[in-house]
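The values are calculated or read from the model by the stated rules, or taken from the named source; none is laboratory data. Fair warning: this is a prediction, and the values are worked out from it, not measured in the lab. Heads up, the Cβs are rebuilt from the backbone with ideal geometry, glycines too, and the neighbour counts pull from every protein chain shown.
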Amino acid sequence: MLTETGIDSGQVSEALQRVLRSRTFARSERLRSFLKFIVEMEQLGLSHQLKGYTIGIDVFSRNHGFDPGTDPLVRVQAGKLRKLLNQFYADEGRDDPLRIRIPLGGYVPVYDRVASSADISHGRDLDLIETTFAEVENPALAGDRASLPRLFIRRPDGDDLIASIFVNATRLWSTRLWAVCIAGPNEKPSFEGGAPHPLHFELKAHCLGTTLKLGLRHLRSGSEVPISMSVCETDGDSLEIGAFANGFAGANLTLPGSIYRFCHKNELSTGQMKCLDATYRYTLERTDETYISARRSQQQWAGLAQSSEIITEMTRLIALSSPLR
């Protein structure tokens, strides 16, 4: 049976045996049986029978009264199987030409062909992906590189696919952020008096097995910046990782986020950052006190001094900002 163009049942059987004989799966007899069952059923053309009820009975020896709706056994074991497969392909099976994957939301396996190093360099693949984001930046921030925080994202190791997916998803925020600038992948931090710019930060992502770990560092001081959402357990699903990247960006790269809190705490915030912060607080609270603070802050800027109203549209506020008088 052909499971995908150019992939026959013999290739699938070989890929399955490599997994079953691996050190990664050596102590997991339950998961070996689970994987063997679903792959063999799929190869027999019985994918439609790969339901929680069937697997519970045929693999885990549940009786016929088993209800997968109330007993999460199969869902839990499927999650463990996805994680162990991801661990296998990150280590022992990293050079395997065919990979078995179980997409979220079901139990039918799919098979992904992986190009060998002789055909194409994985590192070059990631370079090609990243060049897409090299010149992407929010136009509203083009003239504010020195007065707003700038984030440099370290390139992951060439074989760290999960970290690379996270980095690419985070770079998609380059045109959505107005409080923090994301540097292009080929851009280098600038220096003042031999030291990194005080508003430059570095984000590092790396994956260990099924765990994606993040670290944010202030380049001048070398201090680690406390961040929200620093760890993600994942089976490698790109949409899941993308959703995590979206949450990370919202929690750390916006005005209420970790970078701004770090700058405020360490007295690094520029006049423009304080103006954005005061305006944002006013849009949230709408009190007389926050109105006065935002109004005074905006009046310090030459482009805003003559305005009779507070500007609450952030991209317009940045565009009208100029160096303090």
* Asked: Looking at the stretch 53-69, is at least one residue closer than 15 Å to Ile102 by Cα and in contact (Cβ under 8 Å) with a residue 40 or more places away in the chain?
  -> yes
* Asked: Taking interchain pairs and intrachain pairs at least six residues apart, which have beta carbon atoms under 7 angstrom, with the first residue in the stretch 210-228 and surrounded by 14 or more Cβ atoms within 10 Å (Cβ to Cβ) and the second of a type in the set (Ser, Thr, Tyr) and not in a loop (DSSP other than H, G, I, E, B)?
  -> Leu216/Ser258; Val225/Ser258; Ile227/Ser258
* Can you tell me which residue within the stretch 288-310, out of those that are under 38 Å from the mean Cα position of the chain (by Cα) and among the hydrophobic types (A, V, I, L, M, F, W, C), is modelled with the highest pLDDT? => Ala294
* Structure fact -> Within the stretch 158-200, restricting to residues that are crowded, with 16+ Cβ neighbours inside 10 Å and hydroxyl-bearing (Ser, Thr, Tyr), the one that is nearest to Gly236 (Cα to Cα) is Ser164
* State whether the residues of the stretch 63-84 include one that is more than 25 Å from Glu240 (Cα to Cα), surrounded by 19 or more Cβ atoms within 10 Å (Cβ to Cβ), touching a helix residue (DSSP H, G or I) at 6+ places or on another chain (Cβ under 8 Å) and of a type in the set (A, V, I, L, M). => no
* Asked: Which condition number in (1) at pLDDT 85 or above; (2) touching a Pro at 6+ places or on another chain (Cβ under 9 Å) is the one that Glu285 fails?
  -> (2)
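Okay, residues lined up against (1) charged (D, E, K, R); (2) without any contact (Cβ under 8 Å) to a residue 24 or more places away in the chain; (3) touching a helix residue (DSSP H, G or I) at 6+ places or on another chain (Cβ under 6 Å); (4) closer than 30 Å to Leu81 by Cβ:
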position: Pro149; (1), (2), (3), (4): no, no, yes, no
position: Pro156; (1), (2), (3), (4): no, no, yes, yes
position: Ile162; (1), (2), (3), (4): no, no, no, yes
position: Cys181; (1), (2), (3), (4): no, no, yes, no
position: Gly184; (1), (2), (3), (4): no, no, no, no
position: Gly193; (1), (2), (3), (4): no, yes, no, no
position: Ser238; (1), (2), (3), (4): no, no, yes, yes
position: Ala243; (1), (2), (3), (4): no, yes, no, yes
* Check on Leu81, in contact with a strand residue (DSSP E or B) (Cβ under 9 Å, 6 or more places away or on another chain) and modelled with pLDDT of 90 or more -> no
* Determine whether Thr210 is β-branched (Val, Ile, Thr), more than 27 Å from Gln272 (Cβ to Cβ) and at pLDDT below 90. => yes
* **Residues within the stretch 258-302 that are among the polar types (S, T, N, Q) and outside any helix (DSSP H, G or I), tallied** => 5
* **Subset of the stretch 43-62 (residues that are among the small types (Gly, Ala, Ser) and exposed (fewer than 12 other Cβ atoms within 10 Å of the Cβ))** => Gly45, Ser61
